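The block underneath contains the structure these notes are about, expressed in structure tokens.
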Protein chains: 2
Amino acid sequence: MLNSIQSKMILPQNNISKSTAKYLPGILQRKAIDKNIPILILMEGWHFSGKGYIINELLKPMDPRGYKVFNFENFSKKEKNSPFMWPFWQNLPQRGNFGIFSSGWYYRLLYHFFKKGRDDNLIHIINNTEKLLIDDGYIILKFFLHINEKEQYERMKNLSENKSSSWLVNKKDEKQNKHYEKFCKLYDHILEKTNTDYSKWLLIDANDKKSASDECTRLFLNILEEKISKINKEPIVQEAHEHKETEMKEYIILDNVDHNKKIPDSKYEKELPKLQKKINELQLKLLKKKTSVIMAFEGWDAAGKGGSIKRLTAKMDPRGYRVNPYSAPDSHELKYNYLWRFWKNFPTDGRIAIFDRSWYGRVLVERVEGFALKNEWERAYKEINDMEFQLHYHGIIIMKFWLEIDEETQLRRFKERENSDYKKWKITDEDWRNRSKRSLYKSALEEMLEKTSHDYAPWIIIEGDCKKYERIKVLKEAISNIEKIL
Amino acid sequence: MLNSIQSKMILPQNNISKSTAKYLPGILQRKAIDKNIPILILMEGWHFSGKGYIINELLKPMDPRGYKVFNFENFSKKEKNSPFMWPFWQNLPQRGNFGIFSSGWYYRLLYHFFKKGRDDNLIHIINNTEKLLIDDGYIILKFFLHINEKEQYERMKNLSENKSSSWLVNKKDEKQNKHYEKFCKLYDHILEKTNTDYSKWLLIDANDKKSASDECTRLFLNILEEKISKINKEPIVQEAHEHKETEMKEYIILDNVDHNKKIPDSKYEKELPKLQKKINELQLKLLKKKTSVIMAFEGWDAAGKGGSIKRLTAKMDPRGYRVNPYSAPDSHELKYNYLWRFWKNFPTDGRIAIFDRSWYGRVLVERVEGFALKNEWERAYKEINDMEFQLHYHGIIIMKFWLEIDEETQLRRFKERENSDYKKWKITDEDWRNRSKRSLYKSALEEMLEKTSHDYAPWIIIEGDCKKYERIKVLKEAISNIEKIL
């Protein structure tokens with residue numbers, strides 16, 4: 001691809017007058033705000049290709065209150081040990097805002113390939129992520145600034161020779177120039193593999209800074225104007241959509257669950273402390289090996305999620321695990337893609353992250369209650385599978401528990417809660433409403449189980465009608481799944 | 001203080017029955033949520049004094065959805081280079097939630113003292129921060145777990161000798177035991193200096209784990225119950241309070257401002273690029289030296305904040321500065337102390353952080369419009385001074401710009417905005433309303449200028465009636481204040 005840089009891009013060529021260039025960015029910015037569109041500018045290219053200068057020129061006419069620039073060239077230790085897309089999710093722009101990633105995921109990819117060889121999985125991860133964001137209404141513009149070997153060498157030399165700027169040149173820079181050919185091949189490979197239908201590269205000849213900057217500005221304004229005008233988006237609010245599902249496809253996954261599983265009290269009292277001790281030992285091993293664990297808990301209301309989590313963590317070191325509870329997204333969370341609030345809590349450091357309700361809300365409550373549109377929850381299966389693959393690919397152990405109880409057990413527990421001073425806060429009108437939709441939830445649930453089960457991220461069905469049996473099984477499953485991998 | 005540990009604490013001695021101990025934590029937790037009370041548990045003490053075990057016992061009966069445990073023993077590079085309280089502000093609990101800091105700011109203090117000697121300023125910073133949080137409704141419980149030298153040695157030895165746990169013992173641990181006497185003196189000093197009227201230490205004899213844990217639980221429940229019952233707090237919402245000020249004390253700081261300051265166009269065109277080049281050079285020096293800069297912009301509506309910031313940053317490297325715009329706090333921000341949303345954006349790495357409106361909103365708009373109660377904005381002067389001192393003490397350069405225009409200039413600009421297609425979005429009814437309260441704002445403003453001006457964090461008055469003069473002066477002042485320190 002880089003060889004073809006001379007051939008002009010097949011892109012709108014209309015020129016922009018000076019006065020338009022002055023006001024257009026501000027107008028586009030306000031349109032993006034009004035329409036709640038998040039915009040991501042990926043500025044990639046060779047070291048010393050002028051990314052900073054060009055970003056500055058792009059941003060100059062914009063209101064600084066609407067954008068943030070991020071540079072990912074120097075990762076913290078935590079980021080270095082993170083799943084590939086983790087640092088970028090942490091800094092994703094809000095709806096209506098611009099995020100400018102100077103050396104973002106392509107920079108990370110380049111150096112990953114340079115050190116460890118090419119890896120198609122990472123290419124897929126990037127392409128899938130861009131697809132997910134674009135499907136969610138993000139506009140992504142990706143620029144690649146190309147300079148030749150000689151130009152790079154001279155820019156580097158100029159900086160080195162000046163006392164006040166010599167510290168800006170580091171070994172990594174020198175290495176890139178020294179291995180220019182090898183990097184060129186890698187860039188070519190990356191650009192080609194990630195030049196997708198939905199997210200095309202904007203290749204810029206950056207050997208001349210000024211004309212490169214003009215070209216970027218022109219493309220930036222033209223494409224943005226076109227894309228923004230096409231999107232007719234309402235502010236996203238968590239309100240039920242009109243067309244809720246009343247009938248669903250039938251699966252038969254849960255019908256075989258044995259609702260009579262039990263454990264005698266004496267056995268429970270004997271086994272529980274042993275298992276808790278065991279999981280505490282495993283926790284230390286995980287910390288030592290820096291292997292993280294993600295456990296998602298889903299289940300019917302009153303199925304015993306809280307109680308199971310409590311027994312699971314009772315003997316763990318509180319500094320090594322965290323329980324992340326989720327309910328309906330708040331106004332702040334709605335400013336991002338629905339997966340953002342989970343990415344924020346994925347561990348990178350050998351910790352155990354427990355999710356009390358999870359990203360599966362997208363295909364359960366959001367689907368059934370109409371908070372997600374049909375096309376949104378339908379594509380969520382793939383998006384969720386992609387995400388879990390990324391976590392697995394990074395070496396994170398993933399388990400997903402479904403806590404299953406039958407209708408009678410649920411009814412009994414609801415009534416108990418209502419009659420207990422200590423527990424009545426736990427039961428709300430919503431619980432009763434949800435209960436009345438059990439068959440709709442069941443269909444959604446079974447479709448979820450069918451579409452999102454993988455060896456590396458299994459759904460584990462826990463029979464929960466007897467709480468003590470349930471707690472022991474959660475512990476046993478957690479232990480055996482961790483041991484399998486450690 | 002540590003010598004007196006045998007003498008029992010002067011604290012509620014009533015015992016708690018088993019069944020109360022089981023339900024009380026959950027009840028207290030829900031009361032804290034209902035009353036919107038944030039609770040901070042500081043668990044400090046010797047290495048191997050059993051912090052993890054005790055935290056676990058405290059938390060066992062609690063709903064894991066209401067607390068988060070943080071350990072600050074291993075700082076990232078960014079945190080290491082941060083102002084003393086910065087990492088803790090980043091992780092402050094929300095209103096209604098529990099934050100448990102295992103080895104928090106006292107741990108940081110201990111090692112700071114151990115390496116660099118005692119420092120009363122840091123003691124004051126801690127005491128002031130605890131005061132600020134408590135005044136804001138936070139409940140703080142600070143536990144110190146004391147073990148003797150021999151007990152520490154033995155616990156360490158036991159861990160070392162076991163293959164699966166030996167990696168848990170590191171050099172820092174060994175050093176503490178080796179220099180037990182020296183650490184003991186330091187702890188004593190710290191405990192004494194920070195045992196304030198408003199935030200007392202709970203000293204725990206932790207040589208026996210089980211009884212230490214029981215004692216902590218007993219104190220935890222008793223004190224929390226007492227404190228929570230005393231607080232009668234409504235959920236905090238950003239709503240105007242009834243009693244607004246109509247008359248204010250008069251200061252005469254701004255009357256001497258010369259509203260006729262001007263600069264000829266030709267001079268502006270000549271000076272602007274030079275100054276922009278200069279500030280860009282300084283930016284590189286700041287990055288190199290890792291000296292951060294904070295610039296707060298305040299000013300009348302239409303005083304030209306946006307335009308000045310744009311000219312100030314036009315030639316800066318966009319990767320080295322960030323503009324942080326602030327308007328009224330949103331529901332998420334209101335869950336924290338009012339300074340939290342600013343702490344989040346204070347730089348730690350040689351960057352320039354520009355604040356388009358700032359923490360001074362507390363004593364300006366929030367005061368005049370009644371969003372803050374009288375006692376809230378009155379104590380804010382001291383809280384803000386304390387905060388800026390902390391930043392200065394860490395070596396951050398602080399400047400605060402007040403952009404001053406007279407009433408006629410403002411009126412003219414408001415009308416211009418209304419008549420311009422490009423600018424009319426900038427003017428709202430609120431601007432007109434604020435304008436009508438100019439004299440109230442002026443009094444608040446002058447009191448602010450008088451009470452929050454310091455050598456290390458000066459208020460710089462910028463005459464803004466001529467925009468070009470204003471932009472040049474902002475640049476010049478920024479340059480000279482940075483050069484003074486670099």
Which value in nm describes the separation of the simple spin-label points at B:SER229 and A:LYS200, placed 7 Å from the Cα toward the beta carbon?
7.2
Per residue Cα convex hull volume in Å³ - calculated over the range A:109-244:
177
Amide N proximity, the range B:296-310 versus B:SER453 label position 7 Å along Cα-to-Cβ, cut-off under 20 Å:
B:296-300
List the pairs from A:LYS182/B:LYS288; B:LYS262/B:LYS426; B:LYS262/B:LYS415 whose alpha-carbon separation is above 27 Å, in the order I gave them.
A:LYS182/B:LYS288
Rounded to whole angstrom, how close does the nearest chain A beta-carbon get to the axis mapping A onto B, and which residue is it?
A:HIS332, 2
Between copies, how close do the A:MET248 label points come, placed 7 Å along Cα→Cβ, listed in nm from shortest?
5.8
What is the projected area of the convex hull of the Cα atoms of chain B, averaged over all directions, in nm²?
26.3
Note down the nm distance, to one decimal, between modelled labels 7 Å out along Cα→Cβ at A:GLU483 and at B:TYR393.
5.2
Counting other Cβ atoms within 10 Å of each Cβ, which GluC sites (Glu not before Pro) in the range B:248-350 have at most 13 and sit in a DSSP loop?
B:GLU250
The value for the range A:2-230 (convex hull of the alpha-carbon atoms, volume per residue, Å³) is 135
In the range B:51-127, which chymotrypsin sites (Phe, Trp or Tyr not before Pro) fall in coil by DSSP and have 16 or fewer other Cβ atoms within 10 Å?
B:PHE75
Calculated label separations, A:LYS185, copies of the chain, 7 Å along the beta-carbon direction, nm
6.5
Binned Cα-Cα distances of the range A:254-485, short to long, each 10 Å bin given as a whole percent:
7, 32, 37, 21, 3, 0
Between the label point of A:LYS116 and that of the same position in each other copy, find the distances and list them shortest first in nm, with every label point placed 7 Å from Cα along the Cα-to-C-beta direction.
3.7
So how far apart, in nm, are the two label points at A:SER160 and B:SER327 if each is 7 Å from Cα heading toward Cβ?
5.0
Jot down the per residue volume, in cubic angstrom and as a whole number, of the convex hull over the alpha-carbon atoms of the range A:365-486.
130
Quick check on chain A: helices-only [θ] at 222 nm, where DSSP H runs of length 4 and up contribute -39,500 (n - 2.57) each and the sum goes over total residues. Nearest 500, please.
-15500 deg cm²/dmol
Alpha-carbon spread of the protein assembly as shown, three principal axes, descending order, Å:
91, 64, 57
Using r as the Cβ-Cβ distance of B:ARG118 and A:LYS171, and R0 as 51 Å, what FRET efficiency do you calculate, to the nearest 0.05?
0.80
Using only atoms on other chains, find how many Cβ atoms lie within 10 Å of each Cβ of peptide B:58-64 and report the average.
5
Cut-off under 13 Å on the C-alpha distance; same-chain residues fewer than 8 positions from B:LYS451 excluded. Which aspartates and glutamates are left, in chain and number order?
B:GLU378, B:GLU383, B:ASP386, B:GLU388
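Every number here is computed from the coordinates shown, using simple stated rules; none is lab data. Only a predicted model underlies this, so the values are computations on that prediction, with no experimental measurement involved. Don't worry about glycine lacking a Cβ; one is built from the backbone with ideal geometry, like all the others, and counts go over all protein chains shown.
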